[in-house]
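Worksheet: the structure to be examined is printed underneath.
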Amino acid sequence: MFEKLIFYVIILQQISPNTILEQIRKNTSYRTSKFYAELEIKKGKRNLIKLFKGFSKVNEFYIEFVNPEDKGIKYLKIKENLYLYLPEIDDIVRFSGDMLKQSFMGSDLSYEDIMQEDPLKFYKPLKIIDTLINTKKLYSLEIIDTTGKAPYYCIKLLVDKENYIWIKEELFTKTGRKIKEVEAIEFKKINDRYFPISIIMRDLRIKDSYTKFTLLEIELDVPVPDYIFRLDYLKK
Amino acid sequence: MKIFFLLLFANFKISFDTFLFYEFKNLNYWILFSPNLVSSYSFKCFRIYFNGGYYFIKIKDASITDFKIYQGYIKFQNKGIELKIGKMVFIPGFVGILNPFYKQPILENISSYLDGEKGVLLGFINKSFSSTIFYVYKNSLKEYEIRSQFFIEKEKFRTGIFSVIERKPSIGLYGAYFGKIILKVQGFHQDSNIKFCFNLENQIKNMFISFWGYFCKYEEFFSVIAFPLFTKKILALEIKFPKKIFEIPYILIFYDVDNKIPFLIFDFKYMINNNVFFETGFITNKENKNFNFSIYGGAKFLFGL
C-alpha cells in the first residue's frame, strides 16, 4: 500500500511536456511591447552596432533606428506586409510577407525571429529528457511545428527546471538540419515572469559570425497607441 | 541655448566620399572627391532635411569643383497630411532602376546621391490610399510642372494613376501584386511617347532577384555610371544578396535590345565597420564583337552625430 502511494506521488510530480511548454510560453509571450534595443553583428574581427527603439502589438511592429549611421530608417509590419521608410527619398517601400524571412539588418536574426509575440504557439512537444549541465537541473525538450506556420520545423530547448525559462534553443529544418543556435544569456523579471533580455544567435550556415540582441529597455503588456502602426506615423 | 536645443534633436551624418572610374577602351577616367553632410532635425510636426556638399571631379583634361544641395526642405506633417517646401525627391510609381521618373544612374554607388527638384509637395497617406501633388518650380514662374499621383491599396494589390502637367497633361497608370512573387507594372503616355516598365521580384534562397523590362516608343537616355545609353528597349536582371552585410555583392545583367548590347555589372561593397565602406566593381559590355571593360572603386568615411 505504502509503495503504491510513493509510486502515485512520483507520477504526480512528473510534470508533463505540455505543461512545461505552456510555462515557457507564459514566460515569453506578450501582447504588446515597448523596447529599446542593441544589435551587435559580429563576423570575424569586424562588428557593427545598431540601436533601435520600437513597439509591437500582436502581429504588428514598428522599429526605428537611432544610431547615427542608420538614423531615420524605420520598419513597420502590418499583418503580412513589411513597410520600409527610407529617409533619403522620404517615402515608403512595401515588401511582401516572404521578406520577413530575410535577415534583420544583415544579422543572424530574421524579422520573424525578433517580432513573434508568442514564438512557440505553433509547436507541440515530441519528447522530454531530464538532464544535468554544470550541476544545473534542466529539461531537454524537443518540440515540432504541427501547423506548418512556424519559421522552424523543430526546436530543441534546454529549459531551467526551477523557473521554466529556456536557456538554449537549437533550430532545425524539416530535413533535420540544424541551422541556428540561440543562447539566452541574461534574463529580467518582468511582471512575475523571467524574460530573456539578451540572446546570442548563431546562424550555422555562416562561418565565424554571431548576432547579439540585447533589450536595453523593455516593457511588456503596456498600452501602445494604435497610431504607431499607421503608415503616416512611419513618414513622420 | 537655442543652438544647443537644435543640436539636441538633430542628426548629422558627415561623409567623405572618393570614387575612381577607369574605362580601358578610351583610356578615360574620372576621380571624385566629395565631403557631404546629411542632416535632419525633427520637432513636433516639423522636419528640416538637408543633404549637400562640395564635390571635386577630375576628368582627363578638366576638373570641376562645386557646391551642391541634393535635397533641402522643410516638412510639416499632421496625421496623414504632409506639406513640403524646398528641394526634394518625388518618384511616382515604384522606386527602381528602370522607373521612367527615377533619373539616376542605373548603378548607384557609394558616392551617388539622389538629386531632388525645387517645389512644393502636398501629400496624404493612410492605410488604403495615398495622394500626392508636386508643383515643380523650374527656371522661372512661367516654367513649371505639376505631377500628381493617387493610389489605392487593398490586401495584396496596389493600383494607381499619375499625371504630369507641363505643356499639356500626360497620364500614367500603375499596379502591383505583393504576394510571394511581387509584380509591378507601370505605363506612361507623354507627348506621343509611350513608356512601359515591368518588374518581377522574387526571393530565391539568399538572393533577391528582380527581372526588369523597359519599353518606349522613342529613344530614352539612360546612364550607367559613365556610359550614356540611348535606347527604346531594355531587359535587365538584378541580383541582390540581402543577407550580406559586411561583404555585399550586387550583379546587374542588362541587355540593350535596340542596339543589341549586353552589359554585365558586378559590384562589391566591403564594410569595415559603421564608419568605413569600400566599393569596387567592373562593367563589361560587348559592342560590335568587341568587349569593353571598365573598373571602378571608392571609399566612404562616414561619421554620425
Over 18 Å between alpha carbons, listed pairs B:Lys75/B:Lys154; B:Lys68/B:Lys118; A:Lys207/B:Lys243; A:Lys149/B:Lys243: B:Lys75/B:Lys154; A:Lys149/B:Lys243
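Charges only on Cβ, +1 for Lys and Arg, -1 for Asp and Glu: so what's the dipole of the stretch B:176-251 about the Cα centre, in debye to the nearest 20?
Here the size comes out at about 300 debye.
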The stretch B:30-51 versus the stretch A:195-215: alpha-carbon centroid distance in Å: 33
Trypsin sites (Lys or Arg not before Pro) within the stretch A:104-154: DSSP coil, no more than 15 neighbouring Cβ in 10 Å: A:Lys121, A:Lys149
Shielding by partners - mean other protein chain Cβ count within 10 Å, residues of A:70-80: 2
Inter-chain Cβ neighbour average for residues B:234-244, partner chain, 10 Å: 2
The protein assembly as shown, dipole about Cα centre (Lys/Arg Cβ +1, Asp/Glu Cβ -1), debye to the nearest 20: 340
Residue-by-residue Karplus 3J(HN,Hα) for the stretch A:223-236, coefficients 6.51, -1.76, 1.60, Hz, glycine and proline x: x, 10, x, 5, 5, 5, 9, 10, 5, 5, 5, 5, 7, 6
Most mobile listed residue (B:Lys156, B:Lys289, B:Lys217) in chain B, GNM with C-alpha springs under 10 Å: B:Lys289
Nearby lysines by direct alpha-carbon distance to A:Lys136 (threshold 28 angstrom, same-chain neighbours under 8 apart not counted): A:Lys26, A:Lys121, A:Lys124, A:Lys127, A:Lys156, A:Lys161, A:Lys168, A:Lys178, A:Lys180, A:Lys188, A:Lys189, A:Lys212
Student exercise, chain B dipole from Lys, Arg, Asp, Glu Cβ charges, in Debye to nearest 20: 780
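Do the sum for chain A: with -39,500 (n - 2.57) for every DSSP H run of n ≥ 4, divided by all residues, what is the mean residue ellipticity at 222 nm, to the nearest 500 deg cm²/dmol?
Calculated at 222 nm, the ellipticity per residue is -3500 deg cm²/dmol.
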Loop trypsin sites (Lys or Arg not before Pro), the stretch B:22-106 (other Cβ atoms within 10 Å of the site Cβ: 16 or fewer; DSSP): B:Lys25, B:Lys44, B:Lys60, B:Lys79, B:Lys103
C-alpha long axis of helix A:2-13 to longest principal axis of chain A, angle in °: 0
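Using only atoms on other chains, find how many Cβ atoms lie within 10 Å of each Cβ of peptide A:228-235 and report the average.
5
Throughout, read-outs are computed from the coordinates displayed, never taken from laboratory work. Computed from a prediction, not measured in an experiment: that's the story for all the values here. Note that we place each Cβ from the backbone using ideal geometry, even for glycine, and neighbour counts take in every protein chain shown.
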